[in-house]
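Here's the structure, in structure tokens; my notes come after.
The values are calculated or read from the model by the stated rules, or taken from the named source; none is laboratory data. Note that this is a predicted model, so its numbers are computed, not measured. Note that we place each Cβ from the backbone using ideal geometry, even for glycine, and neighbour counts take in every protein chain shown. Quick note on the areas: whole protein, heavy atoms, side chains included, nothing else; ligands and nucleic acids left out. Shrake-Rupley method; radii C 1.70, N 1.55, O 1.52, S 1.80 Å.
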Amino acid sequence: MSGNRRRQTTVGLVVNPAAGRDIRRLTGGASVSDNYAKRRTAECVLEGLTVVDDVHVLVMPDSTGLANKLVDDAPADLDVELLDTTVTASGRDTRQAAERFAERADAAVVLGGDGTNRDVAHGIGDVPVVSISTGTNNVVPTPVDGTVAGAAAALVGSGAVPVEESTYRHGMVEARVDGDEEKTVRGLATLGVLDRPFVGTRAILDPGDIVGGVVSRASSTEIGLSGIPGGLLTHRPDDPGGVGFRLGPPAESSRTVRAVTVPGVLSTVGVEDYRVLDDGEDYVFEMPRGVVSVDGERELAVRDATIRVRPLADGPRMVRIEDVVERGAQEGWFRVDVGAVSPERSE
């Protein structure tokens, strides 16, 4: 392989300073990730990227100056610069960065919660995503050391570990609302229907508000809507389709489960109906009034609406972090032998 020409690996980095700051930190046991902790994690990511040579890092700018500090203090052997985008201090920053990464990056690392990863999913295309949990509601992102995550991104982005063997396609969920206005909203892990008159506080705090929903993944280990059907079955994030469910009063429902609906809160909920859905199969709710939630946040108020929710198979390509790093070790990327030539990848 030594005769193959090497090219520079480009990695996009999203650090969302707003992640992990909603009300669930006060009403439940949600963890806190302040900007100092995020910066330290991101610095670890940059160090992990040095496992391969010639890496170029594009960092999403933000309104807090966090990204500037990362660029200024980056390891000397990394080429790190700010992505040239306009800062809006909103989810648009993440979506813009994802769209740019889709054009320029070989891999992306995302520090945030489910909302941040949803914003990335809307524009990232086929770029492999390494997701690190620094938010409040964390179903998609993984609690992982930043150095390990950075190494995984470098190994996949450089081609040292083949993308096809080290990633999976995460599902998504879409709601089409037919009412006073026709609207479409998309979630990454969950899309819920709530019995609420208005959006108000974005976080879902009371499980009694939940009418039902559709999730692209379900497990009793997960927090929020995906943990409710997860008490009845397991649906992996790379399984086709999703799970639709409808809730009711526990005393009147055919099934009752316990689920972690908010960090630190184990709730008892009644399940009137649930079933596994194929990709594109609708699960329908008729709502005289209500709110549609997306990935744990109340998003859209509806009235006299038919809500058709369906799982889709066109989500982001997520990196299996542990598998990648172990494969990289097997291929010799962590080995340091005196006089040995480092592994090279073909273009």
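For residues that are among the aliphatic types (A, V, I, L, M) and open to solvent by 40 Å² or more (accessible area, probe 1.4 Å), scanning just region 169-224, find the one that is farthest from the chain's Cα centre (by Cα).
Ranking the candidates gives 205 first.
Please verify whether residue 303 is assigned to a strand (DSSP E or B), closer than 30 Å to residue 110 by Cα and touching a residue at least 12 places away in the same chain (Cβ under 8 Å), treating the condition exactly as stated.
On the way: assigned to a strand (DSSP E or B): yes; closer than 30 Å to residue 110 by Cα: no; touching a residue at least 12 places away in the same chain (Cβ under 8 Å): yes.
Answer is no for this residue.
When the residues of region 283-301 are filtered to those that are under 28 Å from residue 113 (Cβ atoms) and acidic (Asp, Glu), which remaining residue is surrounded by the most Cβ atoms within 10 Å (Cβ to Cβ)?
The selected residue is 295.
Output the strands (runs of 3 or more DSSP E) that fall wholly within region 32-130 and possess 3 or more residues being open to solvent by 20 Å² or more (accessible area, probe 1.4 Å), or say none.
Correct list: 79-82.
Taking strands (runs of 3 or more DSSP E) that fall entirely within region 147-216, which contain at least 3 residues that are touching a helix residue (DSSP H, G or I) at 6+ places or on another chain (Cβ under 9 Å) and free of Cβ contacts under 8 Å to residues at least 60 places away in the same chain?
In region 147-216, no matching strands (runs of 3 or more DSSP E) lie anywhere.
Could you list, in sequence order, the residues of region 126-143 that are modelled with pLDDT of 95 or more and either under 20 Å from residue 224 (Cα atoms) or under 14 Å from the mean Cα position of the chain (by Cα) (or both)? Give the steps one after another, and end with the answer.
Initial filter on region 126-143 (modelled with pLDDT of 95 or more): 126-132.
The answer is 127, 128, 129, 130, 131, 132.
What number of residues in region 231-242 are part of a strand (DSSP E or B) and either at positive phi or at pLDDT below 95 (or both)?
0
Any idea which of (1) surrounded by 15 or more Cβ atoms within 10 Å (Cβ to Cβ); (2) part of a loop (DSSP other than H, G, I, E, B) is the one residue 245 doesn't satisfy?
(2)
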